[in-house]
Amino acid sequence: MTKIATLEINGNKYEFPIIEGTQNEFGIDIKTLRGVTGGVTTLDPGFKNTGSCESAITFLDGEKGILRYRGYSIEELAEKADFLEVAYLLIFGELPTAVQLEKFDADIKEELHVDEDMKNILDGFPKSAHPMGVLSSLTNALIAFNPGSVDVASDDAMYRAIVKIMGKFPVLAAWTMRKRKGLPLDYGDSTLGYVENLHKMMFARPNRVYTKNKIVNDALDKLLILHADHEQNCSTSTVRIVGSSHAGLFASLSAGISALWGPLHGGANQAVIEMLEAIKADGGDTAKYIAKAKDKNDPFRLMGFGHRVYKNFDPRAKIIKVAAEEVLADLGMEDPVLDIAKGLAKVALEDEYFVKRKLYPNVDFYSGIIYRALGIPTEMFTVMFALGRLPGWIAQWREMRQRKEPIGRPRQIYIGEGYRPFVSVEKR
Ligand code: SDX
């Protein structure tokens with residue numbers, strides 16, 4: 001029996017079906033609203049109360065701190081799966097068999113090369129360019145060298161575009177880092193695993209033999225899994241809406257990278273470390289920064305805290321916090337900034353301002369501490385987020401195209417001037 005929502009406007013009643021998801025979520029289906037009411041729309045800045053689509057990829061329960069990819073819990077995946085398995089799961093909907101995983105890996109490895117002329121585009125950037133801007137540009141530029149990746153009408157064309165970007169994206173990401181460091185570009189090694197190869201392309205030195213480090217690789221693999229998808233967040237919604245115009249996958253991903261760059265979104269992981277370093281330089285005075293975060297007249301926010309959906313602990317933050325302590329211990333390192341982060345979180349989680357607003361550490365609060373321990377420069381942190389989120393963006397884009405979603409085109413409530421006749425410049 002379909003549940004019904006009744007809306008009364010100016011004495012007229014309108015009924016709308018209530019859509020029920022598989023996990024006790026309910027949404028009022030207002031597809032007919034403007035038509036039946038003669039033009040009434042809804043208004044919801046930031047889409048805080050608005051579902052943009054039905055999706056079978058990722059489930060979040062913000063109140064209970066639950067995150068599942070295709071029904072599997074983030075805790076189990078982070079512990080038992082590897083990143084390529086999770087990428088396959090997100091994109092194709094099932095955990096791969098050994099044969100499927102081997103073929104996916106091999107098809108991706110066939111795409112590890114990037115056209116040499118792409119280097120000319122990379123060389124056009126100053127060393128000081130932010131890696132997220134470079135990565136977004138290079139991702140878009142890939143289209144020119146892979147024109148067949150735009151029209152993905154067939155399943156085979158879609159698959160080819162997917163393995164192409166899964167293979168080439170880590171190369172581009174590693175190149176953005178090496179460019180800043182003045183290092184020769186590295187082409188990777190197809191005998192290595194996906195994440196091992198990413199690390200090699202980022203860190204191999206021309207005059208040294210590259211040696212794998214299991215601790216580092218496992219930490220990186222876990223971080224990429226934890227960032228792999230997060231339902232309709234800002235950058236994923238960007239990828240879906242750009243793709244809804246039938247712009248190609250690479251163009252849609254390039255737009256998603258730009259959305260992720262923002263400090264309120266993926267750029268927060270860089271902003272967190274910069275904030276913690278500032279607190280450290282300021283003598284570790286966490287109380288001062290908590291006060292700034294609470295002061296409405298101060299634009300300062302506690303970066304890495306708060307979340308649109310999680311009104312409880314972000315399950316990823318819990319896992320990353322433990323992983324940060326393990327990685328530092330395994331590598332025999334100490335990072336005073338981790339102690340500052342833990343001290344800051346303790347104070348905030350006991351402060352009425354944060355408790356009342358249900359502000360908890362999010363995925364970005366501790367991740368930078370691990371990236372730092374792995375030798376990744378701060379300005380590359382959000383690129384690492386993008387590397388993790390790549391399969392999620394691909395999965396969401398593929399779902400949107402397969403479900404033949406309409407082009408995204410929200411309405412508005414106009415609050416500007418009514419009609420007024422043109423006035424020539426002599427009379428103004
Ligand atoms: C990511 O959506 C996703 O799933 C994103 C993500 C993913 O995996 O894709 O999880 C990744 O982007 C995580 C979030 C990273 N961003 C940050 O850490 C930046 C700091 N956080 C805030 O800017 C904020 O919490 C947001 C942007 C994350 C959420 O913003 P909302 O949902 O629009 O909440 P809001 O701004 O309306 O805040 C509600 C209240 C406000 O106070 P009042 O006006 O009610 O008095 O909480 C306050 C805010 O001022 N508040 C904060 C705060 N976050 C919210 N106050 C101080 N410090 C903060 N960090």
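Each reported figure results from applying straightforward, stated rules to the coordinates on display, with no laboratory input. Note that the structure is a prediction, hence the values are computed from the model and not measured. Positions of Cβ are generated from backbone atoms using ideal geometry, with glycine treated the same way; all protein chains shown enter the neighbour counts.
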Check your understanding: Per residue and in cubic angstrom, what volume does the convex hull of the Cα atoms of the stretch 193-302 have?
Key -> 177
Check your understanding: Taking the Cα centre of the stretch 259-383 as the origin and placing charges on Cβ (Lys, Arg +1; Asp, Glu -1), which of Leu331, Asn297, Thr382 is farthest toward the positive end of the dipole?
Key -> Asn297
Practice item. Give the cross-link partners of Lys3 among the aspartates and glutamates, using a straight C-alpha distance below 19 Å as the criterion and excluding same-chain residues fewer than 8 apart. Key: Glu15, Glu20, Glu25, Asp29, Glu54
**Study point:** Burial ordering of Leu122, Leu276, fewest other beta-carbon atoms within 10 Å first
**Key:** Leu122, Leu276
Study note, to complete from the structure: Given pairs Lys168/Lys222; Lys280/Lys358; Lys109/Lys200; Lys80/Lys168; Lys80/Lys214 and cut-off 18 Å on Cα-Cα distance, the over-length ones are Lys168/Lys222; Lys280/Lys358; Lys80/Lys168
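On full extension of the chain, what length is gained from Met333 through Asp218, given 0.36 nm per residue of separation minus the C-alpha to C-alpha distance? It would help to have the intermediate numbers written out before the result.
Values: separation 115, 0.36 × 115 = 41.40 nm, distance 1.67 nm.
Contour length minus Cα-Cα distance gives 39.7 nm.
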Check your understanding: What is the extension gain from Lys318 to Asp117, computed as 0.36 nm multiplied by their sequence separation minus the C-alpha to C-alpha distance, in nm to one decimal?
Key -> 68.1 nm
Practice item. Have a look at the stretch 22-179 and give its Rg and Dmax from the Cα atoms, expressed in angstrom. Key: 20.5, 58
Study note, to complete from the structure: Cα-based Rg then Dmax for the stretch 321-364, in Å, read 12.7, 38
Exercise for review: Using Cα centres only, tell me the gap between the stretch 205-219 and the stretch 395-411 in whole Å.
Suggested key: 40
Review point. Stokes-Einstein D for the stretch 209-267 at 20 °C, 1.002 mPa s, Kirkwood Rh over Cα pairs, in µm²/s?
Key: 163
**Study point:** Percentage, to the nearest whole number, of Cα pairs in the stretch 1-75 over 20 Å apart
**Key:** 45
Practice item. Calculate I(q)/I(0) for the chain by the Debye formula, one identical point scatterer on each C-alpha and no solvent, and give its log10 at q = 0.08 Å⁻¹ to two decimals. Key: -0.50
Practice item. Using just the helices of the chain, give the 222 nm mean residue ellipticity in deg cm²/dmol: DSSP H runs with n ≥ 4 each add -39,500 (n - 2.57), and the total is spread over all residues, rounded to 500. Key: -16000 deg cm²/dmol
Check your understanding: Taking N as the number of residues in the stretch 274-335, what is its Cα Rg relative to 2.2 N^0.38 Å?
Key -> 1.37
Study note, to complete from the structure: Summed over the other residues with a beta carbon less than 14 angstrom from that of Glu379, with K and R at +1 and D and E at -1, the charge totals +4
Exercise for review: Return the Cα extents of the stretch 249-298 along principal axes one, two and three, sorted largest first, each rounded to a whole Å.
Suggested key: 46, 23, 9
Review point. How big is the Cα convex hull of the stretch 322-420 in projection, averaged over all directions, in nm²?
Key: 12.5
Check your understanding: Hey, what does the equivalent ellipsoid look like for the stretch 247-389, semi-axes from the Cα gyration tensor as sqrt of 5 times each eigenvalue, largest first, whole Å?
Key -> 24, 20, 14
Exercise for review: Pull up the cross-link candidates among the aspartates and glutamates for Lys292, meaning alpha carbon to alpha carbon under 17 Å and not fewer than 8 places away within one chain.
Suggested key: Glu274, Glu277, Asp282, Glu350, Asp351, Glu352
Exercise for review: Could you run the Karplus curve 6.51 cos²θ - 1.76 cosθ + 1.60 with θ = phi - 60° over the stretch 159-176 and give me ³J(HN,Hα) per residue in whole Hz, x for Gly and Pro?
Suggested key: 4, 4, 5, 5, 5, 4, 6, 5, x, 8, 4, x, 5, 4, 5, 5, 5, 4
Check your understanding: What is the spread of the Cα atoms of the stretch 72-118 along each of their three principal axes, largest first, in whole Å?
Key -> 42, 22, 16
Exercise for review: Within the stretch 176-200, find all residues whose amide N lies under 19 Å from a label point positioned 7 Å from the Cα of Ala129 along Cα-to-beta-carbon.
Suggested key: 176-187
